[in-house]
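Here the structure comes first, spelled out in structure tokens, and everything after it is commentary.
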Amino acid sequence: QVQLVESGGGLVQAGGSLRLSCAASRGTFSSYTMAWFRQAPGKERQFVAAILWSGGTTSYADSVKGRFTISRDNAKNTVYLQMNSLKPEDTANYYCAASTLGSIRLSVRDIDSWGQGTQVTVSS
């Protein structure tokens, strides 16, 4: 089973940008659909973005469309989340996720492996 380690979180002012990275080890990274979820205190974990194994098909939550971009580099076993025009409501713990499901419509129950999470805090 693939193991995932996120990095790149931090504190940023509203309107700023951050780039999250997720490095995968073990398993065959290129065969997984990769995704990002986030969870704010007291709230359920929610879908943010997903990308199919080929990198050519992506999906986004409505709340981040046009501001966030998911990408992957199968040669480096890494998936990225570029976050621009950040808002205070984007504050959450962001989790990298891997799924053997060949779909970009993912929910929490579709995930096979989770990273440990990286905190993103956006100040107003």
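The values are calculated or read from the model by the stated rules, or taken from the named source; none is laboratory data. Fair warning: this is a prediction, and the values are worked out from it, not measured in the lab. Here Cβ is always computed from backbone atoms with ideal geometry, including for glycine, and neighbour counts include all displayed protein chains. Just the protein is used for accessible areas: all its heavy atoms, side chains included, with ligands, DNA and RNA removed. Shrake-Rupley method; radii C 1.70, N 1.55, O 1.52, S 1.80 Å.
State all residues of segment 77-91 that are open to solvent by 20 Å² or more (accessible area, probe 1.4 Å) and either without any contact (Cβ under 8 Å) to a residue 24 or more places away in the chain or of a type in the set (D, E) (or both); if no residue qualifies, say none.
As a first pass, look at segment 77-91 and keep what is open to solvent by 20 Å² or more (accessible area, probe 1.4 Å): 77, 80, 82, 84-85, 87-89, 91.
E89 - this is the single residue of segment 77-91 that is open to solvent by 20 Å² or more (accessible area, probe 1.4 Å) and either without any contact (Cβ under 8 Å) to a residue 24 or more places away in the chain or of a type in the set (D, E) (or both).
Taking segment 85-102 as the search range and keeping residues that are within 21 Å of S25 (Cβ to Cβ) and among the small types (G, A, S), which one is nearest to the chain's Cα centre (by Cα)?
Among those that are within 21 Å of S25 (Cβ to Cβ) and among the small types (G, A, S), it is A97.
Can you tell me which of (1) of a type in the set (D, E, K, R); (2) closer than 14 Å to R19 by Cα; (3) exposed (fewer than 15 other Cβ atoms within 10 Å of the Cβ) is the one D62 doesn't meet?
For D62, the exception is condition (2).
Among all residue pairs at least 6 apart or on different chains, which show Cβ distances below 7 Å where the first residue, located in segment 104-124, is within 15 Å of A35 (Cβ to Cβ) and open to solvent by 30 Å² or more (accessible area, probe 1.4 Å) and the second is among the basic types (K, R) and assigned to a loop (DSSP other than H, G, I, E, B)?
Pairs found: V108/R45.
Which is without any contact (Cβ under 8 Å) to a residue 40 or more places away in the chain, basic (K, R) and surrounded by 18 or more Cβ atoms within 10 Å (Cβ to Cβ), of R38, R72, R45? Break it down into steps so the answer makes sense when it comes.
Values: R38 fails: without any contact (Cβ under 8 Å) to a residue 40 or more places away in the chain; R45 fails: without any contact (Cβ under 8 Å) to a residue 40 or more places away in the chain.
Matching residue, one of R38, R72, R45: R72.
Quick check on my filter: what residues within segment 75-84 are within 19 Å of S25 (Cβ to Cβ), out of contact with any Cys (no Cβ under 7 Å at 6 or more places or on another chain) and not small (G, A, S)?
First, the residues of segment 75-84 that are within 19 Å of S25 (Cβ to Cβ): 75-81.
Those still in the list that are out of contact with any Cys (no Cβ under 7 Å at 6 or more places or on another chain) too: 75-77, 80-81.
The answer is K76, N77, Y80, L81.
Would you tally the residues in segment 1-10 being assigned to a strand (DSSP E or B) and open to solvent by 30 Å² or more (accessible area, probe 1.4 Å)?
Just the residues of segment 1-10 that are assigned to a strand (DSSP E or B), to begin with: 3-7, 10.
From the residues that got through so far, the ones that are open to solvent by 30 Å² or more (accessible area, probe 1.4 Å) too are 3, 5, 7.
Final tally of qualifying residues: 3.
In segment 25-49, what residues are at pLDDT 95 or above, closer than 23 Å to N77 by Cβ and either over 17 Å from the mean Cα position of the chain (by Cα) or not charged (D, E, K, R) (or both)?
T33, M34, A35, W36, F37, F47, V48, A49
Test Y94 against the criterion of being hydroxyl-bearing (S, T, Y), open to solvent by 10 Å² or more (accessible area, probe 1.4 Å) and modelled with pLDDT of 95 or more, and give yes or no.
It is false that Y94 is hydroxyl-bearing (S, T, Y), open to solvent by 10 Å² or more (accessible area, probe 1.4 Å) and modelled with pLDDT of 95 or more.
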